[in-house]
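I have placed the structure first, in the form of structure tokens, so that the comments after it can refer back to it.
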Amino acid sequence: MAERIVIHPVTRIEGHAKISIYVGASGEVESAQFHVTEFRGFEKICEGRPFHEMPGLMSRVCGICPVSHVIASSKAGDGLLGVDPPPAAILQRRLLNYAQVLQSHALSFFHLSSPDLLLGLDSPPEKRNIFGMVEREPDFIRRGIRLRQFGQRVIELAGGKRVHPVWGAPGGVLQPLTKVARDEMAGWITESIDSLQVALGRLKSLLDSLQEEIQHLGNFPSLFLGTVNPDGGLEFYDGAIRIVDSEGNIVADRLDPQRYNTFIEEASEEWTFIKFAYYKPLGYPGGKYRVGPLARLNVAQHAGTPLADREMREFKQRSRGAVCESFHYHLARLIEMLHSVERIEELLNDPELLGEDVRARALPNRKEAVGSCEAPRGTLFHHYTVDHDGTMRKANLVIATGQNNQAMNMAVEQAARRFVRPGQLTEGMLNRVEAAIRCYDPCLSCSTHAIGRMPLIIELRDKSGHVFERIDRS
Amino acid sequence: MRALIIAIGNRLRADDGVAHRVADLLTGAPIRRVHQLTPEVAADMQEADTVIFLDADPAADHPSLERVQSPAQTAGSLSHSMTPEVVVTMASRLYGFQGDAWLCRLYARDFSASPEISPEAAAQLEPAAQLIQNLLETRCTSPR
């Protein structure tokens, strides 16, 4: 009789969160906390499984960024085997990671954040949604849908499925890319670049009218962490870790992702299931850092592709040091999308992409390895330990949203202090608190993607913890 | 007739994957398989004149077909998951979709982590497929 594994409770995978806002004796907001109330336990599920199953298992971690999990997992597998994947496999991995950045960022910007940005944070909630956008900005929404389709189609053509592709493997990927698939992908490039330039123009034209939000939805000093290539350029697949401070100074450079646990540590708090990552030398909570689009553009000196480089130069002029306004995650996201399409075009023009040799094979040669890459929301680490026959003994996944957790809490608190009026809770206040979180596009088990109706609970508490006002939108 | 079948659900969550199993039995129309409905599905509908959504439903006792009401009254939360009504409304407004849209609700009670569906869900596969096949044939032979 087959053994049955029962997981209880069944976790809510749409992402559930709660915000507590603490009000002092003066009636003013004193602090706020962003709670993640779901638990998944993927690391435990991995234990006892053969390590070569991990890319397939890890593809199921996320419905939005499965490719990044497959890549980090496959790279950890490369390390356990002690092999370098063939060039065609590396090119495929790069290609799909860019495709995923494109489709994930498109979802965040066009579908989730654009109602706030284009219709207004104070527009009526019954209009501030996808229907409102369809009514007011049909061309804009169609462009967003097409960009997401492009990213998904690349993933489908190479990986077999748009979501949860079974495609990566220790030592490479499972199959070569066909010329027919490559040619179809190439057909989307021109239109995608055009759409991104339209979107960048629209967003930049709105920034002057959004100064209040830019300044108060998560504008604070912190460290920024991301991967850079040997030239110090923007990198998503393989490179070294760089950390800069809010002045733009390099705090640490050429850090080996394999040794992530020498510079990153995770703390826990009893009120949330997400851990709090911090830069180890500065301790907790002083070592708070941000990852993802804003961080990547802050740590990289250039993009390395012409159109994105032009945008990045302009982006960097928004601050003398690092760009610290979390609101600019949106702008950074669009620049990264443009860069991704440019890189996809380069990769499609590389004849080695169609190479037949896509997998290096070996038995396990090491008992421990780390795989890392840049996922849409930030740097991702998969750390595996196996026994002599390759059975997984331990897995540790350090995911971008956890690394942004301190920053998200600070952003929520800053937004609450600025916009919340105890006793007069309004939908507009709620939306601004949501917007502060949405800048980070958090992946609470890869979700909380909602326009206007994020499943949030906001509680106002006094210093003793007594709840005196509550809005439940779950 | 240009029909499109949209099968919704997760094959690894027991009865939640029942729509895909019904879709496996269908012939004569392209099948789009999704975990959940997202805005891109609206774009996929633009060439179709008949769209049939198949979805697991914990409240359904037996396979049933109903027309999708459009326009939707609310946009919903646009999470990862949209309703057929919202997708049809988007397809209509963004891509000029003017066809008929149907929803086939399928019995589903067990949503545990399993690739197997319950015997009750399995019992409806053939009748559900027949129901949809009949609709497709009717649409082929009858003027709209």
Residue that is farthest from the other protein chains (Cβ to nearest Cβ), among those in segment B:103-144 that are hydroxyl-bearing (Ser, Thr, Tyr) and part of a helix (DSSP H, G or I): B:Thr141
Given segment A:244-312, what strands (runs of 3 or more DSSP E) lie entirely inside it while holding 1 or more residues that are of a type in the set (Gly, Ala, Ser) and at pLDDT 95 or above? A:250-255
For the condition more than 10 Å from every other protein chain (Cβ to nearest Cβ), out of contact with any Ser or Thr (no Cβ under 7 Å at 6 or more places or on another chain), buried (at least 23 other Cβ atoms within 10 Å of the Cβ) and not hydroxyl-bearing (Ser, Thr, Tyr), what is the one hit in A:Pro85, A:Pro124, A:Pro115? A:Pro85
If you take the residues of segment B:83-102 that are buried (at least 23 other Cβ atoms within 10 Å of the Cβ) and aliphatic (A, V, I, L, M), which of them is farthest from the other protein chains (Cβ to nearest Cβ)? B:Ala101
For segment B:60-79, does any single residue satisfy the condition of being at pLDDT below 95, surrounded by fewer than 18 Cβ atoms within 10 Å (Cβ to Cβ) and of a type in the set (Val, Ile, Thr)? yes
Is there any pair linking a residue in segment B:53-69 that is without any contact (Cβ under 8 Å) to a residue 24 or more places away in the chain to one that is surrounded by 17 or more Cβ atoms within 10 Å (Cβ to Cβ), with Cβ under 6 Å and at least six apart or on different chains, and which? B:Gln69/B:Glu85
Segment A:127-139 - residue that is more than 7 Å from chain B (Cβ to nearest Cβ) and modelled with pLDDT of 85 or more and, of those, farthest from B:Ala72 (Cα to Cα): A:Asp139
Given (1) surrounded by fewer than 24 Cβ atoms within 10 Å (Cβ to Cβ); (2) modelled with pLDDT under 95; (3) more than 11 Å from chain B (Cβ to nearest Cβ), where does A:Gly171 come up short, assuming only one miss? (2)
Answer residue from segment A:138-188, given it is closer than 12 Å to A:Gln92 by Cα and of a type in the set (S, T, N, Q) and is nearest to the chain's Cα centre (by Cα) among those: A:Gln175
Close pairs from segment A:147-168: first within 11 Å of chain B (Cβ to nearest Cβ) and of a type in the set (Phe, Trp, Tyr), partner buried (at least 23 other Cβ atoms within 10 Å of the Cβ) and assigned to a helix (DSSP H, G or I), Cβ under 9 Å, at least 6 apart: A:Phe150/A:Ala99; A:Phe150/A:Leu102; A:Phe150/A:Gln103; A:Phe150/A:Ala106; A:Phe150/A:Ser192; A:Phe150/A:Val341; A:Phe150/A:Ile344
Pairs under 7 Å by beta carbon, first residue crowded, with 24+ Cβ neighbours inside 10 Å in segment A:292-304, partner of a type in the set (Lys, Arg) and part of a loop (DSSP other than H, G, I, E, B), six or more apart or different chains? A:Gly292/A:Arg377
I'm told A:Ser222 meets every condition in (1) under 24 Å from A:Leu380 (Cα atoms); (2) hydroxyl-bearing (Ser, Thr, Tyr); (3) out of contact with any helix residue (DSSP H, G or I) (no Cβ under 8 Å at 6 or more places or on another chain) except one. Can you identify the failing condition by its number? (3)
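Residues are listed down the side, and each one gets a yes or a no for (1) in contact (Cβ under 8 Å) with a residue 24 or more places away in the chain; (2) in a helix (DSSP H, G or I); (3) within 30 Å of A:Asp183 (Cα to Cα):
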position	(1), (2), (3)
A:Arg318	no, no, no
A:Ile335	yes, yes, yes
A:Glu352	yes, yes, yes
A:Pro364	yes, no, no
Kindly indicate which of A:Leu225, A:Leu210, A:Leu217 is surrounded by 15 or more Cβ atoms within 10 Å (Cβ to Cβ), more than 22 Å from the chain's Cα centre (by Cα) and in contact (Cβ under 8 Å) with a residue 12 or more places away in the chain. A:Leu210
Note on segment B:20-57: residues part of a helix (DSSP H, G or I), over 22 Å from B:Glu126 (Cβ atoms) and more than 10 Å from chain A (Cβ to nearest Cβ) are B:Met45, B:Gln46, B:Glu47
Within segment B:3-14, can one find any residue that is in a helix (DSSP H, G or I) and either away from chain A (no Cβ under 14 Å) or over 13 Å from the mean Cα position of the chain (by Cα) (or both)? yes
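The values are calculated or read from the model by the stated rules, or taken from the named source; none is laboratory data. What you see is a predicted model, and the numbers here were worked out from it, not measured in a lab. Because the Cβ atoms are built from the backbone with ideal geometry, glycine has one as well, and the counts that use them run over all protein chains shown.
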